[in-house]
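The values are calculated or read from the model by the stated rules, or taken from the named source; none is laboratory data. These numbers come from a predicted model, not from an experiment. Note that we place each Cβ from the backbone using ideal geometry, even for glycine, and neighbour counts take in every protein chain shown.
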Amino acid sequence: MKISLKPQHLKRYAELARLFWKYGKSDVVSELALDGIDKMEEPSSDAPRPEDLADDLERMGPTFVKLGQILSSRADLLPDAYLKALSRLQDNVKPFPYEQVEESVTKELGARISKAFGSFESEPLAAASLGQVHRATLRDGRQVVVKIQRPGIRKVIAEDMEALAEIMSLVALTKFGRQYQLQRIFEEFKHTLVQELDYTREASNMVTIGANLEEFDRIFIPQPIQSFCTPSLLTMEFVEGRKITSMTPLSRMEFDGKDLADQLFHCYLKQVLVDGVFHADPHPGNVFITPDHRVALLDLGMVGRTTPGVQEQLIKLLVAISEGNSDRATEIAIQISETRPNFDEVAFRKRVGQLVVENQNSSLGQINVGRTLLDVGRHAGQTGLFVPTDLTLLGKTLLQLDEIGRFIDPNFNPNAAVRGHVTEILNRRMKQQATTGRLFSSMLEIKEFMTALPTRLNKILDAASNGGLEVKVKATDANLFLSGFQKIANRITTGIILASLIIGAALLMQVQTTFTIFGYPGLAILCFMAAAAGGFYLVFSILVQDFRDKQRSRNRM
């Protein structure tokens, strides 16, 4: 594997190296085989705090702030203390000056702010890693918010991604990197970040998800003002309300929190399991409560997508977890995942079983469906199983959704919500699949099958009666299997020959001859010596072959 480090990225390499050294686990460091690094037996008194990681990522720039935001919801990779510390990066980022805002808006819209908008507030409503939003009014009086991308952010991210790619290619070679497929996770992070940089894609997501959720009267998706949207600027309807985290017990008494939380969870199940596209970043900073007590979902730059086949498996997995069926949950997780040569199925089944039982014994306020899915992913990685990204993204989304649901209703029970809505979800999927086109396609396939069936049956019966029916079995890696069987046969044959020599030598010991060795019949002793030499060689060859097989297995990991 060729790795070329570029001189222009030396500063970034040094920063990343310090970051890995400061927070890396000892086994990761030792696997990298860096000179002068000793494995720590236990953390020192001056060990970095989880809060320090958030500060360090913020100092390194917007790319790493975004990385911290994504890591803040990866309970399958980081401990709870780090998840909590990184969560502050979600909506607490330093804004950029208003002069740059004016310059960016003029460049994107081809007109000055005073010409394009009736009013435009200089103070931002919020600032994020990729951009910030300002409140404004269109010429026709409509209130909007304008999201402006940070100047030069695309170039900065492109350079950071290039440096990160080189570093990740090294980390991916470590035991930890192979175990958790860090190279694949990095590629997914890069893909997500590139998508979030295109605000026209976010505008399209808002339209799509808004249309899909029209039936939910208490869920609101602000819509974009298409004529004021570009890849680096997004204008959308203004949402009047407050963050979900600012709600007090008194304010929750103003509306039916149970119904609102249930509808929010229901709409997400529909997005994931029916529509195939869902809002994948519902952290508390992106969820507002409007004055008419609706939930507004903001920032649709990060969306997840699920195929019909994955949706079927996710439905089964959610139901199995919500009902405490650990065996079924384990079977489904294995079916939808990628197994590696070192996969320990017994250990995985045991861990998932313990996880589901713990969930069943928890009170309603402690049950967390999203965390359970992420824990399944973490246990899978530890035992040699790689779960698909869809499962991790769904776990992360439900983890955030569980938190929001309890802000609305402290007694919200996501397990009950899954069981309560799964029947309706299945009915929707059946109706969705029962389209006119699919029905006609199925009818044509049945017609072709029935038409060709008599001819095919006649050919099979004629071949059977004439002795010409052959069954061919194509095995994967057939040469490997044949080679293995040949080795077994050779060892058995060698063992039989050695046993024959020993038996023959024992019989010859009874025959007295003039030729002796050590006072015993010479021919019998020669047979014993040949059997001993052959036995030693056979044992040695078995040990060498087993060692080589283990080495090849490790190299494939």
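Quick notes
- Options GLN132, GLN143; residue that is in contact (Cβ under 8 Å) with a residue 12 or more places away in the chain, over 26 Å from LEU399 (Cβ atoms) and in contact with a Pro (Cβ under 7 Å, 6 or more places away or on another chain): GLN132
- Among the residues making up region 191-202, none is more than 21 Å from PRO224 (Cα to Cα) and modelled with pLDDT of 85 or more.
- ILE209 being over 26 Å from LEU385 (Cα atoms), in contact with a Phe, Trp or Tyr (Cβ under 9 Å, 6 or more places away or on another chain) and part of a helix (DSSP H, G or I): yes
- Among the residues of region 58-69, those that are closer than 20 Å to GLY152 by Cα and either polar (S, T, N, Q) or more than 22 Å from the chain's Cα centre (by Cα) (or both) comprise GLU58, ARG59, MET60, GLY61, PRO62, THR63.
- The numbered conditions (1) touching a residue at least 12 places away in the same chain (Cβ under 8 Å); (2) among the acidic types (Asp, Glu); (3) assigned by TED's automatic domain parsing to the domain that holds LEU393 are all true for GLU202 except (3).
- Residue count for region 235-279, restricted to those that are farther than 23 Å from VAL133 by Cα and touching a residue at least 60 places away in the same chain (Cβ under 8 Å): 18.
- Criterion violated by LEU170 - all others in (1) under 22 Å from the mean Cα position of the chain (by Cα); (2) not in a helix (DSSP H, G or I) satisfied: (2)
- Any chance VAL133 is modelled with pLDDT of 90 or more and part of a helix (DSSP H, G or I): no
- Here VAL356 meets the list (1) assigned to a helix (DSSP H, G or I); (2) farther than 21 Å from GLU424 by Cα; (3) in contact with a strand residue (DSSP E or B) (Cβ under 6 Å, 6 or more places away or on another chain) almost entirely, failing just condition (3).
Results for (1) assigned to a helix (DSSP H, G or I); (2) surrounded by 21 or more Cβ atoms within 10 Å (Cβ to Cβ); (3) in contact with a Ser or Thr (Cβ under 8 Å, 6 or more places away or on another chain), shown as yes or no for each residue.
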| site | (1), (2), (3) |
| --- | --- |
| VAL310 | yes, no, no |
| GLY324 | no, no, no |
| ASP327 | yes, no, no |
| PRO341 | no, no, yes |
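- Of the listed requirements (1) touching a Leu at 6+ places or on another chain (Cβ under 6 Å); (2) at pLDDT 85 or above, GLY304 misses just one: (2).
- Qualifying residue in region 213-228 (condition: in a helix (DSSP H, G or I), touching a Lys or Arg at 6+ places or on another chain (Cβ under 8 Å) and either surrounded by fewer than 18 Cβ atoms within 10 Å (Cβ to Cβ) or modelled with pLDDT of 85 or more (or both)): no
- The requirement of being within 26 Å of the chain's Cα centre (by Cα) and either within 30 Å of THR383 (Cα to Cα) or at pLDDT below 75 (or both) is satisfied by LEU53.
- Residue satisfying condition, being touching a Lys or Arg at 6+ places or on another chain (Cβ under 6 Å), at pLDDT below 85, among the small types (Gly, Ala, Ser) and farther than 30 Å from MET247 by Cβ, within set ALA320, ALA329: ALA320
- Selection count, region 502-550, where residues are assigned to a helix (DSSP H, G or I) and either more than 30 Å from ASN342 (Cβ to Cβ) or in contact (Cβ under 8 Å) with a residue 60 or more places away in the chain (or both): 23
- Only one of the numbered conditions (1) free of Cβ contacts under 8 Å to residues at least 40 places away in the same chain; (2) part of a helix (DSSP H, G or I); (3) touching a helix residue (DSSP H, G or I) at 6+ places or on another chain (Cβ under 8 Å); (4) more than 28 Å from ALA17 (Cα to Cα) is not met by LYS115, and that is (3).
- Test result for ALA499, over 30 Å from ARG340 (Cα atoms) and either modelled with pLDDT of 75 or more or surrounded by 10 or more Cβ atoms within 10 Å (Cβ to Cβ) (or both): yes
- Checking the stated criteria, SER122 turns out to be part of a loop (DSSP other than H, G, I, E, B) and out of contact with any strand residue (DSSP E or B) (no Cβ under 6 Å at 6 or more places or on another chain).
- Residues satisfying the stated conditions in region 177-199, i.e. in a helix (DSSP H, G or I) and within 19 Å of ASN286 (Cα to Cα): THR192, LEU193, GLN195, GLU196, TYR199
- Note on region 94-112: residues that are out of contact with any helix residue (DSSP H, G or I) (no Cβ under 6 Å at 6 or more places or on another chain) and either in a helix (DSSP H, G or I) or under 15 Å from PRO151 (Cβ atoms) (or both) amount to 13.
- Evaluating GLY152 against the criteria (1) free of Cβ contacts under 8 Å to residues at least 24 places away in the same chain; (2) under 23 Å from the mean Cα position of the chain (by Cα) leaves one unmet condition, (2).
- Residue match in region 29-42 (condition: hydroxyl-bearing (Ser, Thr, Tyr), modelled with pLDDT under 55 and surrounded by 14 or more Cβ atoms within 10 Å (Cβ to Cβ)): yes
- The sole residue among VAL346, VAL310 that is of a type outside the set (Ser, Thr, Tyr) and in contact with a helix residue (DSSP H, G or I) (Cβ under 7 Å, 6 or more places away or on another chain) is VAL310.
- Of the residues making up region 231-243, not a single one is assigned to a helix (DSSP H, G or I) and of a type outside the set (A, V, I, L, M).
- Residue count for region 177-196 under the criterion of being surrounded by fewer than 19 Cβ atoms within 10 Å (Cβ to Cβ) and under 17 Å from ILE148 (Cα atoms): the result is 2.
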